[in-house]
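Data block below; observations after.
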Amino acid sequence: MEAGNVRPDGFILTLFETIESELKTHGVEVIRPQPGDDIDLEIMTTIGAAKCPFWRKPDRVAQVHRCGFVRKSEAGRQILQRAEITVSRR
């Protein structure tokens, strides 16, 4: 839905918010890159490339295929799952 490929559904959006708030109580943060964001290979994995539209900068997030998860604790930050993205290329 966030990528714009599916029409938003109120029930699913509420469900996502509930799950995300529950994860936060356990110190888990959702990594949710947006199209046009800089690529951070520490928390993202590139799984493909897409043609870059003229209005966007190349070598940025083109599409998000899977969100990632990070657990924050007193000991530091632990990557539980990297977000999977497609990169925009010219």
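Readers should treat all values here as calculations from the given coordinates under stated rules, not as data from a laboratory. Keep in mind it's a predicted model, so treat the numbers as computed, not measured. All Cβ positions, even for glycine, are placed from backbone atoms using ideal geometry, and neighbour counts span all protein chains on display.
Annotations
- Remark: relative contact order (the chain) = 31 percent; criterion is Cα-Cα distance under 8 angstrom and separation of 6 or more residues.
- Backbone amide hydrogens, once placed in the peptide plane, bring Q63 within less than 5 Å of T86, excluding anything fewer than 5 places away on its chain.
- Mean residue ellipticity, 222 nm, helices only, the chain: the sum of -39500 (n - 2.57) across DSSP H runs of n ≥ 4, divided by residue count and rounded to 500, is -6000 deg cm²/dmol.
- Contour minus Cα-Cα distance for H65 and V28 (0.36 nm per residue): 11.4 nm
- Three semi-axes of the equivalent ellipsoid, the chain, Cα gyration tensor, whole Å, largest first: 25, 19, 8
- Each other residue within a Cβ distance under 13 Å of S88 adds +1 if Lys or Arg and -1 if Asp or Glu, for a net charge of +3.
- Radius 11 Å from Cβ of D38, net charge of other residues (Lys, Arg +1; Asp, Glu -1): -1
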